[in-house]
Amino acid sequence: MSETALWLTILGAGFGTWLLRLSFIETWQWLSVPPRLDRALRYVPAAVMAALVVPALVRPESVVDLSPDNLRLLAGIVAALVAWLTRNVLLTLAVGMGVLWALQGLG
Amino acid sequence: MATRREVFGAGITSVLPMLPGIAPFGVIAGLTAIGTGLSTTQAMVTSGLIFAGASQLAMLQLIADGAIPAVILLTVMTVNLRFAMYSASLAPHFQHLGRGWRFPLAYLLVDQNYATSIQRFLHGGPDGRVHGHWFYLGGGVTLWLTWQTSTAVGVFMGANVPSGLSLDFAIPLVFMVLLVPALRDRAHVIAAVTGGLVATLAADMPLHLGIVAGALSGIAAGMMSDPRTDQDRDS
């Protein structure tokens, strides 16, 4: 990407994100939130986070790999358990990276 | 009655327990930006303007993959759609303010100060609504400073950390911690499973639209498996 395109992307992403944040705060007095949209938005965090996590684990090399050779999948499963049990970012990072490095060292 | 200053301070205190979770995320955002080839200025402006970690990391991943700007913007907006939900929820509490307040308050809207502020506005009794925007401002400014500082640490480290440490793996690890509290019932689990599956299968789609396709499919699946209808949703 050219330097100009990169800058425009960063600025556009910032402005667009601000518009989403401002959306209903600004329009509340003359626009009610449609109930269907309200329901749809409730599922955004679960759907988005899963869409970001799962491909990173099951296809790290641009091919779906569910074998034990996929070290990121193995480390990810252990880290998912830690995330589930503790909800702690630092601990999940430490365990996930630690397991991945250990597996890479063994391999 | 609490003074503005006291309410502002209470807002700061309310987000303090969350800072240890945000700081490593910010460091990763800074590190990844440098790893993706952004300049120091671009990395800091990214955190300064967008101020939303998950979308920043998704954006960096797509830049690394060579996606076109339109798709990157669409993905960032999809990842940040939840802010529209927070915006709708907070709107009634900000209507007495002018734009001079509303515009900057909107800019400071992130998961953490939404959670603490709406809790106070709705369940804090009459005291909870007094100077409510000062409470939100205290939390928002604290989170903003933490995010910018930790990004700067990551940017500095990014120039000095050796490659080959697989540090990009930290990104899905952070998302996992964000995913767990979102799985609050069966419909949300179905939304997540569908989102993950479709994003994986669609990862080979042209134009890098996998994340957007996964997110939209997950939202649709969650809505369809939601037992509540529009009529009885308030009961």
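The values are calculated or read from the model by the stated rules, or taken from the named source; none is laboratory data. This structure is a prediction, so every number in the text was calculated from the model and none was measured. Cβ sites come from the backbone with ideal geometry, for glycine too, and all protein chains shown count toward neighbours.
May I ask you to verify whether A:ARG72 is surrounded by 14 or more Cβ atoms within 10 Å (Cβ to Cβ) and at positive phi? Here the answer is no, as A:ARG72 does not meet what is asked. Pairs meeting the criteria (first residue in segment B:83-94 and among the small types (Gly, Ala, Ser), second residue crowded, with 21+ Cβ neighbours inside 10 Å and outside any helix (DSSP H, G or I), beta carbons under 8 Å, at least 6 apart or on different chains) are B:SER87/B:LEU109.
Answer yes if at least one residue in segment B:204-219 is assigned to a loop (DSSP other than H, G, I, E, B), under 23 Å from B:MET77 (Cβ atoms) and more than 8 Å from every other protein chain (Cβ to nearest Cβ), and no otherwise.
yes
Where in segment B:106-184 are there helices (runs of 4 or more DSSP H), lying fully within it, with 1 or more residues that are modelled with pLDDT of 90 or more? Answer list for segment B:106-184: B:111-123, B:132-158, B:170-179. Taken together, B:GLY195, B:GLY164 contain a single residue that is of a type outside the set (A, V, I, L, M, F, W, C) and more than 19 Å from the chain's Cα centre (by Cα), which is B:GLY164.
Among the residues of segment B:168-227, those that are of a type in the set (Asp, Glu) and under 16 Å from A:ALA56 (Cβ atoms) comprise B:ASP168, B:ASP204.
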